[in-house]
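Visitor: Here it is, the structure in full.
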Amino acid sequence: MSKPPSERIPTSAELLPIRDEESEPENSFPNGVDVEPFVNHETSGKDDVNTVIDVENIAEQNSGTLSASAGDVERTSEQIINGLVLPSVTKALAINGEQLSSMQLEDLVGMIKNAERNILVLNQARVHALEDIHKVLDEKETLQGEINILEMRLAEADARIKVASQGKIHVEFLESQLEMLRNELTDRGELELYENQKKFSNEEVLSTHDDHSLNKEVDSLRTENLALKNDIQALKSMISNVKNTDERMATLENECSFLGSSVKELESKLLVSQQDSSKISTLKVEYQELWEKVENLQQLFDTATKQADQATLVLQQNQDLRKKVDKLEKSLEEVNVLKVSSDKMQQYNELIEKKIKLLEERLQKSDQEIYSFVQLYQESLGAFQDTLNSLKEESKKRTSDALVDDMPREFWSRLLLTIDGWVLEKKISNSDAKLLRELVWKKDRCIRDAHIACKEKNEREVISTFLRLASSQASPGLYIVHIAAEMAPVAKVGGLGDVVTGLGKTLQKKGHLVEIILPKYDCMQYDGIYDLRALDVTVESYFDGKLFQNKIWVGTVEGLPVYFIEPHHPNKFFWRGQYYGEHDDFKRFSFFSRAALEFLLQAGKKPDIIHCHDWQTAFVAPLYWDLYAPKGLNSARICFTCHNFEYQGTASASELASCGLDAQELNRPDRMQDNTAHDSVNPVKGAIVFSNIVTTVSPTYAQEVRTAEGGKGLHSTLNSHSRKFMGILNGIDTDAWNPATDNFLKVQYSANDMQGKAENKAAMRRNLGLSSADDQRPLVGCITRLVPQKGVHLIKHAIYRTLEMGGQFVLLGSSPVPHIQREFEGIANQFQNHEHIRLILKYDESLSHAIYAASDMFIIPSIFEPCGLTQVCSKLQTSARAILLNNK
């Protein structure tokens, strides 16, 4: 017999704690179903037929009870499962403002994980309970079939008993006839007596044989009847077991009822915590305003201090005068006392008045001198500003005669790529290439005209023409190379891709030479790369003790020159169908980092700045200073930007040797050794130590990561290198995200003309197969990476809550975490053909623009955000009200 449901379902004591208080569960089902004993244990075996009827009634009653219990368990389990996501967060949020600032983030993450494990346990318990209920119902049907068979056997036994009774009556009749024959035999002769005795002896033998057979049959029927009674008794015991199962089901229902009440209490606490959170947000705004007022008051205080110092000097002078006046008054009193003559007294008074007037004139003269000095300083400052402006105008006038800016950025990027191709193919020298790059860099008119004039010439003539243009003019800007794992829109997973593209375009507009180096992924959006071609040269780089060839591709993305490195490695590092999430990511990106530096060395490039991003290219910093600066690639300074300290790429120290670094030398506390696991290396820590400057995505986040809570183990390292660490607020490319010029949108619109927004909303509904019956139905959008930091548990809740409140929900994003990806794939399959819900579990650049433009509301339920570009894009699109939780 299967294990009772109550023994397979964990009680509340086995669950991880998710609430502050516990109460004793009531012994009743949620809907008030009473469990009474159905089996009569005092049933006697006198009436077998009545016993069978009682068993039949018991089975019917148990069937109804089990059906009701199954429904109650299912409904109660759904309430518990649907309610356990919010209580886990309620625990973290139901804290006042002072406690919230000191709470450790690790506790909150742990509580969320506990809640998710509780959900899994309750799901398993629910499945087990339903399986046990089905097993009990199957056993009930089996028992009903056995009862029917026993009823048939009892009917057959009754028929046999009746036949045996008739045989017994027949025997008794024969015995009476035999007695009559004996009496007649006494009256007849001996012959007749002999014959009759012989006759009757034969009949008696026959009757005795018949009677013996009937007795055997009766005994067998009694034995069968006894066996049937035993079977019925066994059925009674089994029904008793069913009753015990019902009692266990009642216990389970009581536990479910208790959990349901706990969920309601936690929901009420959540409402209170949400109110407290709103108050805290208001207090934060007020605090910011007060801080600005304090700064203003500080400035006023400084000004007042200076004025007070000046007033102090005047006051001291006045005090000196006052002392002199007091002395004069005393002298006057002495004169009066001595009765000096009135003439002398008058002369003395006149002398005093003259002295006072002289002092006043001196004070007035000093004030005029001070005022004249201030006026002279202002005039000098104005003259300096006029001179500076005139110098700027002259500089612009001088450069405008030689520079042109009427060609698109793609033209200059293609020209740079052509020159780099000639260098790699050994057609021009590195020094000539440097001079030609400077001409392109300055957007010189002569090189533009030469390029246009050489369109019909062969390559040799073009090269000779370009070499004649080389000059020694100084470069007007910096030569910056970005080495990154992402770049929007061709290889984008998160905000890193947007920053690399937006920052590169902005620096290019300011006159700097910008180049990007990326891995050549097989899953890139190749339609966003213009003039993609492979150079007729390969670059060899060291890895795992061998030299591997790398094919170099060039192209332009958003007007920026981009180099794509395709490793010819047997492990096919970047032909995996995804950007991240592979078991050997440490090897993949350490290989790419060394290959990128090898390309710069062999191409003869001399960048001023090498900018690497996140842990994937953090290897560049130690590789540059330990291996490539000694080889001659030493013109650059290293800038490292960490966009999220949550991801640090730690791995075993032995794996560092694959890219040629000395693992034993670098696995030290002051180098790359991880601060929490001393047998591991941390690429982000190595980049912090070896870079010339380290940045992150906002000043506030820069302060947070220098604390134990926000630094994820690197706070001590950041504090040690605080002089070169700063936060620079992220921005977005306003040209790409401006709805008035966005080419991804069906209809452009602006804040002054919002009519196009409704048309974009209708177009997206048609494209995704959502219902357009109600134009006023709000559309909630969400574009994110599905990782725990982004609040995936709240996103799941928002999907069902939006549907419950009559809205539509669109999610765009994917997860590098396998179990989260599978979970959302299950939700996507559940709503595959739903008219109000759509989940697109990949990244699509054009669809992201459409969702921003069409959404009425945008959810960003992040546990924490270093900067957060999503709400900035939403704000720029004038399309949605972003709903933020714990946003930095």
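Visitor: Give me the one-decimal nm value for the distance between modelled label points at Q755 and D679, 7 Å along each residue's Cα-to-Cβ direction.
Guide: For Q755 paired with D679, the spin-label model returns 7.0 nm.
Visitor: Further, regarding this structure: Taking the Kirkwood radius as the inverse of the mean 1/r across Cα pairs, report the Rg/Rh of segment 669-776.
Guide: 1.29
Visitor: Please state the equivalent ellipsoid semi-axes for segment 573-669: what are the square roots of 5 times the Cα gyration tensor eigenvalues, largest first, in whole Å?
Guide: Equivalent-ellipsoid dimensions as semi-axes: 22, 16, 14 Å.
Visitor: If I stretch the segment between E334 and Q274 completely, what's the gain in nm (0.36 nm per residue apart, minus their alpha carbon distance), one decimal?
Guide: 13.4 nm
Visitor: Still on this structure, I have one more. Which whole-number percent gives the relative contact order of segment 754-883, counting Cα pairs below 8 Å spaced six or more residues apart?
Guide: Result for segment 754-883 is 31 percent.
Visitor: Averaged per residue, what accessible surface does segment 754-883 expose to a 1.4 Å probe, in Å²?
Guide: Computed with neighbouring chains in place, this is 42 Å² per residue.
Visitor: Determine the per residue accessible area of segment 479-727 with all protein chains present and a 1.4 angstrom probe, expressed in square angstrom.
Guide: 35
Visitor: Let me ask you something else. Are any of the pairs K293/K365; K551/K724; K546/K685; K443/K492 more than 32 Å apart by Cα-Cα distance, and if so, which?
Guide: Long pairs (Cα-Cα over 32 Å): K293/K365; K551/K724.
Visitor: Something else about it: Starting from the Cα gyration tensor of segment 754-883, take the square roots of the eigenvalues, sort them a ≥ b ≥ c, and report rounded, prolate or oblate (rounded when a/c is under 1.5, otherwise prolate if a/b is larger than b/c, else oblate).
Guide: oblate
Visitor: If ligands, DNA and RNA are left out, what is the accessible area of L847 with a 1.4 Å probe, given in Å² to the nearest 10?
Guide: 30
Visitor: Something else about it: Which entries in K426/K505; K162/K216; K434/K606; K140/K236; K427/K520; K520/K790 show an alpha-carbon gap greater than 18 Å?
Guide: Correct reply: K426/K505; K427/K520; K520/K790.
Visitor: Between M345 and E804, what length in nm is gained on full extension when 0.36 nm per residue of separation is reduced by their alpha carbon distance?
Guide: 155.0 nm
Visitor: Oh, and also: Reported to two decimal places, what Rg/Rh ratio describes segment 479-727 when computed on Cα atoms with Rh from the Kirkwood expression?
Guide: 0.94
Visitor: Right, something else. Could you please state, rounded to a whole Å, how far the C-alpha centre of segment 101-143 is from the C-alpha centre of segment 846-867?
Guide: Using only Cα atoms to place each centre, the spacing works out to 32 Å.
Visitor: In segment 409-473, what percent of the accessible surface is made up of carbon and sulfur (1.4 Å probe, ligands and nucleic acids excluded)?
Guide: Heavy-atom surface of segment 409-473 belonging to carbon and sulfur, 1.4 Å probe: 48 percent.
Visitor: Using a/c under 1.5 as the rounded threshold, could you call segment 528-610 rounded, prolate or oblate? The axes a ≥ b ≥ c are square roots of the C-alpha gyration tensor eigenvalues, and prolate needs a/b larger than b/c, oblate otherwise.
Guide: Oblate.
Visitor: Under 1.5 on a/c is rounded, so check that first for segment 409-473, then, if it is not, pick prolate when a/b is larger than b/c and oblate when it is not; a ≥ b ≥ c are the square roots of the alpha carbon gyration tensor eigenvalues.
Guide: The shape class here is rounded.
Visitor: In whole Å, what is the distance between the alpha-carbon centres of segment 669-735 and segment 525-594?
Guide: With segment 669-735 and segment 525-594 each reduced to a Cα centre, they are spaced 27 Å.
The values are calculated or read from the model by the stated rules, or taken from the named source; none is laboratory data. Here the structure is a predicted model, which is why all the values come from computation and not from measurement. Note: ideal-geometry Cβ built from the backbone for every residue, glycine included; neighbour counts use all protein chains shown. Heavy atoms of the whole protein, side chains included, go into the accessibility calculation; ligands, DNA and RNA do not. Shrake-Rupley method; radii C 1.70, N 1.55, O 1.52, S 1.80 Å.
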